[in-house]
Amino acid sequence: MRTSVLNILCFLIASVILVWGALLVIGVSSFNFIPDDYRFLNLPSLAIVFGGILASVFISYEFGDVFKAIRDSLKLFSYSKITDELLAEDIEKIIQWQKRIKADRMGAIEELSLEYEEEFAGYLFSVLDTNYSTQELRELGQANIQESYIRQKKINDIISSMGKSAPVFGMLGTLFGLIVILSDFDQIETLLTGLAAALMTTLYGIIIGNFIFNPMARKMNNIASSKYFRKKLILEGVLLIEEGKTALQIYDKLQAHIQQNRSGIA
């Protein structure tokens with residue numbers, strides 16, 4: 001087991017933010033640059049929730065994966081580019097590949113591997129270009145698809161973990177607020193400050209978890225599933241070409257895969 005300096009550094013920074021927020025709540029430290037008109041933006045509560053979330057994930061996951069998860073979580077209103085129209089275009093491309101390979105197998109495969117070099121299809125044609133069998137092509141293609149899917153699922157799991165931990169740290173802030181209330185119950189100003197921190201931290205934890213990270217995790221899982229299916233469709237198309245199927249057979253079989261996917265069968 002190796003130690004990540006970046007993980008340790010980020011964990012310490014996140015912990016400092018968490019502790020700082022707690023100190024602000026209990027009154028040991030005092031600092032607030034938010035104007036009075038925006039008191040719903042409670043700085044100590046935000047520090048506790050975000051500091052706790054980041055400290056938690058930097059303990060559990062590698063720095064690079066956490067960075068990717070934070071980057072992906074900013075795409076809250078993004079959407080999948082894999083539509084029915086794109087899948088229909090993929091089928092048309094596969095049929096065109098079949099015609100090119102039928103006319104000149106070796107030349108077409110070499111050209112296609114270069115033409116789609118940065119894409120999954122290029123990887124499949126490079127495998128064909130090295131004279132692997134159909135079974136080996138299937139195994140290598142499926143391994144590549146599975147690896148990409150697992151890698152993306154790991155990032156999505158981090159986002160999901162952030163969503164689950166947000167309400168927990170919201171409750172932690174609530175406890176700090178209650179400590180303030182109970183420590184000086186006679187002072188109305190202290191009572192109101194502690195009560196505000198207790199309620200705001202819980203509110204932030206619920207909002208951040210249930211309106212940002214959890215929906216983002218579900219969306220990224222759906223996008224990963226769409227990419228997974230598209231790659232499986234392309235792999236199946238290339239395998240059908242390699243098996244010598246006609247253009248009509250390829251079209252019918254790939255359309256059947258799409259229909260099964262819509263029905264939740266595949």
Exercise. If only Cα atoms are counted, what is the Rg of the chain, and what is its Dmax, in Å?
Worked result: 26.4, 90
Exercise. What angle, in degrees between 0 and 90 and rounded to the nearest 10, separates the Cα long axis of helix 120-129 from the longest principal axis of the Cα atoms of the chain?
Worked result: 40 degrees
For this session: Working from Cα positions, state the angle (0 to 90°, nearest 10) between the long axis of helix 5-26 and the longest principal axis of the chain.
Result: 40 degrees
Problem set entry | Links that overshoot a 23 Å alpha carbon limit, given the list Lys81/Lys245; Lys99/Lys232; Lys93/Lys219; Lys154/Lys231; Lys81/Lys232; Lys154/Lys232 | Lys81/Lys245; Lys93/Lys219
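Evaluate 2.2 N^0.38 Å with N set to the residue count of segment 203-266, then give the Cα radius of gyration divided by it. Let's see the in-between values first.
Working: Rg = 18.0 Å, N = 64, 2.2 N^0.38 = 10.7 Å.
The value comes to 1.69.
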Problem set entry | Those chymotrypsin sites (Phe, Trp or Tyr not before Pro) in segment 195-266 that DSSP places in a loop and that have at most 14 other beta carbons within 10 Å | none
Seminar exercise, completed: Fewest-first ordering of Asp157, Asp72, Asp84 by Cβ atoms within 10 Å yields Asp84, Asp157, Asp72
Seminar exercise, completed: With label points set 7 Å from each Cα along the Cα-to-Cβ direction at Leu175 and Glu139, the distance between them in nm comes to 5.2 nm
Problem set entry | Ordering of 119-125, 97-103 by burial proxy (mean other Cβ atoms within 10 Å per residue, highest first) | 119-125, 97-103
Seminar exercise, completed: With only helices counted (DSSP H, runs n ≥ 4, each -39500 (n - 2.57)), the per-residue ellipticity at 222 nm for the chain, to the nearest 500, works out to -27000 deg cm²/dmol
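Expected output is a single nm value to one decimal: the length gained when fully extending between Arg218 and Glu115, i.e. 0.36 nm times separation in residues minus the C-alpha distance. What is it? Walk me through the intermediate numbers first.
On the way: separation 103, 0.36 × 103 = 37.08 nm, distance 3.37 nm.
Stretched fully, the Arg218-Glu115 segment lengthens by 33.7 nm.
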Seminar exercise, completed: Mean separation of Cα contacts under 8 Å (at least 6 apart) over the residue count of the chain, i.e. the relative contact order in percent, is 25 percent
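When a footprinting reagent is the concern and you count Cβ atoms within 10 Å, what order do Leu199, Leu248, Leu12 take, fewest first?
Values: Leu199 16, Leu248 9, Leu12 12.
Ordered from fewest to most neighbouring Cβ atoms within 10 Å, Leu199, Leu248, Leu12 come out as Leu248, Leu12, Leu199.
Summing Lys, Arg as +1 and Asp, Glu as -1, what charge do residues with Cβ under 11 Å from the Cβ of Ala121 carry, Ala121 excluded?
With Lys, Arg at +1 and Asp, Glu at -1, the neighbours total -2.
Charges only on Cβ, +1 for Lys and Arg, -1 for Asp and Glu: so what's the dipole of the chain about the Cα centre, in debye to the nearest 20? Don't skip to the end; give the middle numbers.
Values: 25 positive and 29 negative charges, 89 e Å.
It works out to roughly 420 debye.
Here, each number is a calculation from the coordinates, and none is a lab measurement. The model shown is predicted, which means the values in this text are computed figures rather than measured ones. Neighbour counts are summed over all protein chains in view; Cβ atoms, including those assigned to glycine, are modelled from backbone coordinates with ideal geometry.
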